[in-house]
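The values are calculated or read from the model by the stated rules, or taken from the named source; none is laboratory data. Just so it is clear, the model here is predicted, and its values are computed rather than measured. Backbone-built Cβ (ideal geometry, glycine too); neighbour counts: all protein chains shown. To get the accessible areas, we keep the full protein, side chains included, count just its heavy atoms, and leave off ligands, DNA and RNA. Shrake-Rupley method; radii C 1.70, N 1.55, O 1.52, S 1.80 Å.
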Amino acid sequence: MSVGTNTAVDVRIMTRAELALHGVRTPAPVRRPDGAGPSDDGHVLVDGANAALPTNPDSPYSVRDGRVWLGDDAGTLTDTGLSLTAVQRPKFYDLTTADGIPYEHIARLHGADVLATTVVQTCIRYAEADRCRFCTIEESLRSGATVAAKTPAQLAEVAEVAVRLDGVRQMVMTTGTTTGPDRGARNLVRSVRAILQAVPGLPIQVQCEPPGDLVWIRELYDAGATAIGIHVESLDDEVRRRWMPGKSSVPMAEYEAAWDEAVRVFGPNRVSTYLLVGLGEEPDELVAGAGELIDRGVYPFVVPFRPMGGTLAARDGIEPPSAELLRYVTEGVAAKLRAAGMSGADQRAGCAACGACSVLKTAGG
């Protein structure tokens, strides 16, 4: 693998990769400081598309008159050609449920038009010996920024208001892994049904580990979910054991069976999985593995690892990948997606449809 020798580097993709890793010097009213996701970034629009970028006062990138500028050591600014506007605080954040819980503690805005929630904010794998090294799912609970379990009624109430007041167009629901054989799918089924009663037709993606009984995939579909994410993060078993000691106890064969069943039930390109760049997986193997997922009808959502505050990785000083590595993997995966005719936008709901945490949309995936 020769990451640095590709002479046909797309400058726009490279700039977008650098922004994803190094961020930009600009305030962002909409943030998520911790949780189950891959970053604690600010939500902005880059060239009109959702983007989650670190708000970094030391970044060489700044914003002036809605444009992104790159500064050098001499203070010279160069226009990158990208536009950037911050996503504004949504109106639903100012409201509370009848029992006094802020709507923001039930669900949050991601990008400009995505409502996201972690239905169960605890995980059976959160003890340090089992915890995924990039995850802070329970830190937002400890900080008082959310509640441990959101009820279907609460989620339906917030979703209806967010759609009506703030133009939300899709919803993402994930969950910490629970003790039952459904691994959290049961709570997602109830929540999807309640939300769609309140907001008929709202596209919803659900996310969970492979359920022990694959019948839950059909239950999620029958409840009305539009798409499903079954996130493996790495296809390399050694990387999985190192980064996800608890989650790696679920064999890759269970993921493959769940992906195949989900594609059968939801259809091709309605199923996705996270692949994190920067965990130590060999880049060409990562791209090749993504190609195998695409052949299965599964969208590989390639996202850079960024050490969130409160994670074991941040505690241990683990650095994110280089922008060049992220660019290389992203372009390789995007080319395979284009060849297969797969687009994240076609999923209608979920991380791939939003695209904020990845550079794949910029690369044409």
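What the table shows:
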| quantity | calculated |
| --- | --- |
| C-alpha center-to-center spacing [region 320-347, region 203-252] in angstrom | 21 Å |
| Those lysines that a straight Cα-Cα span of less than 27 Å connects to LYS336, excepting residues fewer than 8 apart in one chain | LYS361 |
| Solvent accessible area, Å² - ILE204, 1.4 Å probe, full protein context | 0 Å² |
| Gain in span if fully extended, ARG338 to ALA148, counting 0.36 nm per residue against the direct Cα distance | 64.4 nm |
| Å² per residue, accessible surface of region 123-223 at 1.4 Å | 40 Å² |
| Antiparallel DSSP beta bridges within the chain, percent to nearest 5 | 50 percent |
| Highest average packing first - 115-128, 255-268, Cβ atoms within 10 Å | 115-128, 255-268 |
| Relative contact order, percent, region 52-123 [alpha-carbon distance under 8 Å, six or more residues apart] | 16 percent |
| Region 102-163-region 265-316 distance, computed between alpha-carbon centres (Å) | 21 Å |
| Global form of region 93-193, assessed from the alpha-carbon gyration tensor, a/c cut-off 1.5 | prolate |
| Carbon and sulfur %, accessible surface of region 143-260 computed with the full protein complex present, 1.4 Å | 49 percent |
| Computed over region 223-297: relative contact order in percent, which uses C-alpha pairs under 8 Å that are six or more apart | 45 percent |
| Longest to shortest principal axis, alpha-carbon extents of the chain, angstrom | 56, 45, 40 |
| Stretch gain in nm, segment LYS91-LEU77, where the contour uses 0.36 nm per residue and the Cα spacing is subtracted | 1.5 nm |
| Inter-label distance for ALA345 and ALA49, nm, one decimal - labels placed 7 Å from Cα along Cα-to-Cβ | 0.9 nm |
| Point-to-point label distance, ASP130-ARG64, nm (Cα→Cβ direction, 7 Å offset) | 5.3 nm |
| For the chain: relative contact order, % (alpha-carbon pairs under 8 angstrom, 6 or more apart) | 17 percent |
| Region 22-163 - Rg and Dmax from Cα coordinates, angstrom | 17.5, 56 |
| Virtual spin-label span in nm between ARG241 and ARG25, 7 Å along Cα→Cβ | 4.6 nm |
| Under 5 Å, built H, 5+ apart or other chain: amide partners of VAL172 | LEU115, ALA116, THR117, GLN205 |
| Additional length obtainable on full extension of the chain from ALA288 to ASP10, 0.36 nm per residue less Cα span | 98.0 nm |
| Solitary cysteines of the chain, where the nearest other Cys Cβ is not under 4.7 Å | CYS123, CYS208, CYS351, CYS354, CYS357 |
| Proximal charge balance of ILE294 [Cβ under 11 Å; K/R count +1, D/E count -1] | +1 |
| Proximal lysines to LYS150, defined as alpha-carbon separation beneath 27 angstrom and excluding residues fewer than eight positions away on the same chain | LYS91, LYS247 |
| Theoretical ellipticity at 222 nm over the chain - DSSP helices of four or more residues, -39500 (n - 2.57) apiece, nearest 500 | -9500 deg cm²/dmol |
